[in-house]
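One structure below.
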Amino acid sequence: MIPPGPILIAGCGAVGGYLAAHLQQRLGQEVLILEPWAANREAIAAHGLRVEEPDETLTARDLPVFHTPEELAGRPLGLIVLCSKLFEALPLVEALEAKARYRGPYLATLNGLVDARIADMVGPERVMGCIVTGFFGHLVAPGLVRRHRRRDPGGAHPLFRIGEVAGPPSERVQALAALLGQIDATEVVADLPRARWTKLVFNAMTSPLAAVRGRPTRDLFLDPALRAEMTELAFEAVRVASLAVTEIEKLCGVPGALWHAAANGEPAARAALDQALVRYGEGISPTATSGMAQDLARGRPTEADWLNGAVVEEAEARGLEAPAHRAIIARLKALSAAHRPG
């Protein structure tokens with residue numbers, strides 16, 4: 001089970017803010033926030049944390065907000081939920097261990113493969129992973145999260161997919177799934193690494209490409225030239241995944257076996273995949289864009305090194321190449337430099 005005590009949300013962006021508000025307002029949990037961005041801290045302290053959704057608006061008030069891990073030293077915590085940017089995660093955990101002297105469990109809601117790196121730092125017995133999919137929400141202003149999809153507790157399409165970084169689902173994973181399942185649809189994942197690789201393939205093939213091309217995510221699926229570019233990124237990642245976890249899960253409505261056959265050049269599989277991706281794209285909102293595109297537009301660092309870079313790193317470790325991922329990282333870095341203020 002999860003130890004008793006407050007839940008600390010480390011990083012109060014879109015997902016962190018959504019969780020913090022619902023845990024406090026809907027479930028009556030004691031919630032603390034660790035937030036390095038001053039404007040966000042000040043807005044939450046002054047006006048509360050507001051979450052706007054299609055059916056309702058929640059405002060969480062009187063949330064204790066902290067700036068640094070040192071401020072948390074000596075406070076008993078039951079769980080830390082990591083909702084930071086990928087590139088902030090490892091230094092943050094290091095600081096929580098050294099300066100807050102935290103020794104409890106972590107739940108990593110991050111993309112990529114970083115939860116395995118955290119497990120290497122603190123031990124796999126202290127780390128659970130949560131894949132957030134289909135969130136469709138943003139931090140639109142300090143202290144304000146806006147989500148465009150309705151909550152669906154008990155629904156067929158899980159927002160939260162929770163599992164152990166190492167080993168089968170435990171009692172604590174089941175307990176967390178029951179808790180978060182009161183907020184939105186939640187699934188316990190038996191093989192978290194496989195699920196992580198599946199999400200990594202999707203993120204790495206869509207998010208940077210939408211950013212460098214300046215196009216909505218939907219266009220990547222419906223425009224033939226963009227779809228070809230996207231699938232080349234996907235195929236590189238799938239070939240690496242085949243050595244890491246054997247086969248990815250169903251992705252974009254396409255079974256993992258078909259993805260792997262297409263990645264290995266089977267003509268019939270490629271034709272079937274191409275048609276399936278068009279069907280999938282037709283269901284994406286025309287205004288949906290990627291997190292990297294938003295970061296790029298705001299002059300913020302992107303997570304390309306931790307998403308596409310993870311594909312490159314894992315490929316090299318297995319004697320493969322990932323030139324498409326190397327190329328898009330370089331293109332995104334050039335654009336980031338051009339967008340950077342000053």
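The values are calculated or read from the model by the stated rules, or taken from the named source; none is laboratory data. Nothing here was measured: the structure is a model prediction, and the numbers come from that model. Here the Cβ is made from the backbone with ideal geometry for all residues, glycine too, and neighbour counts use every protein chain on show. The accessibility values were calculated without ligands, DNA or RNA, using every heavy atom of the protein model including side chains. Shrake-Rupley method; radii C 1.70, N 1.55, O 1.52, S 1.80 Å.
It is to be established whether one or more residues within the range 244-260 are in contact with a Pro (Cβ under 7 Å, 6 or more places away or on another chain), open to solvent by less than 60 Å² (accessible area, probe 1.4 Å) and under 24 Å from residue 157 (Cα atoms). Yes. Candidates are the residues of the range 114-123 that are at pLDDT below 95 and either of a type outside the set (Asp, Glu) or in contact with a His (Cβ under 6 Å, 6 or more places away or on another chain) (or both); the one that is most open to solvent (accessible area, probe 1.4 Å) is 117. Assess whether residue 139 counts as being open to solvent by less than 30 Å² (accessible area, probe 1.4 Å) and either at pLDDT below 95 or more than 25 Å from residue 241 (Cβ to Cβ) (or both). In short, no.
Taking the stated definitions as given, is residue 214 under 23 Å from residue 279 (Cα atoms) and open to solvent by 10 Å² or more (accessible area, probe 1.4 Å)? Spelling it out, residue 214 is indeed under 23 Å from residue 279 (Cα atoms) and open to solvent by 10 Å² or more (accessible area, probe 1.4 Å). Within the range 243-268, the set of residues being part of a helix (DSSP H, G or I), touching a helix residue (DSSP H, G or I) at 6+ places or on another chain (Cβ under 7 Å) and either at pLDDT below 95 or not hydrophobic (A, V, I, L, M, F, W, C) (or both) comprises 244, 260. Listed by first and then second residue, the pairs with beta-carbon distance under 8 Å, at least 6 apart or on different chains, first residue in the range 158-176 and surrounded by 21 or more Cβ atoms within 10 Å (Cβ to Cβ), second of a type in the set (Phe, Trp, Tyr), are 159/135.
Would you please list the contacts, defined by Cβ atoms under 6 Å and residues six or more apart or on different chains, that run from a residue in the range 47-65 that is on the phi < 0 side of the Ramachandran plot to a residue that is open to solvent by 60 Å² or more (accessible area, probe 1.4 Å) and part of a strand (DSSP E or B)? Filtered contacts from the range 47-65: 52/146; 59/50. Listed by first and then second residue, the pairs linking a residue in the range 94-110 that is more than 14 Å from residue 5 (Cβ to Cβ) to a residue that is of a type in the set (Asp, Glu), with Cβ atoms under 6 Å apart and 6 or more places separating them unless they lie on different chains, are 99/70; 108/115. Scan the range 272-306 for residues that are open to solvent by less than 40 Å² (accessible area, probe 1.4 Å), among the hydrophobic types (A, V, I, L, M, F, W, C) and modelled with pLDDT under 95 and the total you get is 6.
For residue 310, indicate whether it is open to solvent by less than 60 Å² (accessible area, probe 1.4 Å), in contact with a Gly (Cβ under 6 Å, 6 or more places away or on another chain) and over 22 Å from residue 149 (Cβ atoms). Here the answer is yes, as residue 310 does meet what is asked. Restricting attention to the range 129-157 and to residues that are free of Cβ contacts under 8 Å to residues at least 40 places away in the same chain and more than 13 Å from the chain's Cα centre (by Cα), the residue that is nearest to residue 291 (Cα to Cα) turns out to be 140. Only one of the numbered conditions (1) without any contact (Cβ under 8 Å) to a residue 40 or more places away in the chain; (2) more than 17 Å from the chain's Cα centre (by Cα) is violated by residue 205, and that is (2).
Take residue 324 and tell me if it is open to solvent by 60 Å² or more (accessible area, probe 1.4 Å) and among the hydrophobic types (A, V, I, L, M, F, W, C). Criteria not met by residue 324. Would you pick out the residues in the range 207-234 that are under 25 Å from residue 152 (Cα atoms) and either among the β-branched types (Val, Ile, Thr) or touching an Asp or Glu at 6+ places or on another chain (Cβ under 6 Å) (or both)? Answer for the range 207-234, where residues must be under 25 Å from residue 152 (Cα atoms) and either among the β-branched types (Val, Ile, Thr) or touching an Asp or Glu at 6+ places or on another chain (Cβ under 6 Å) (or both): just 217.
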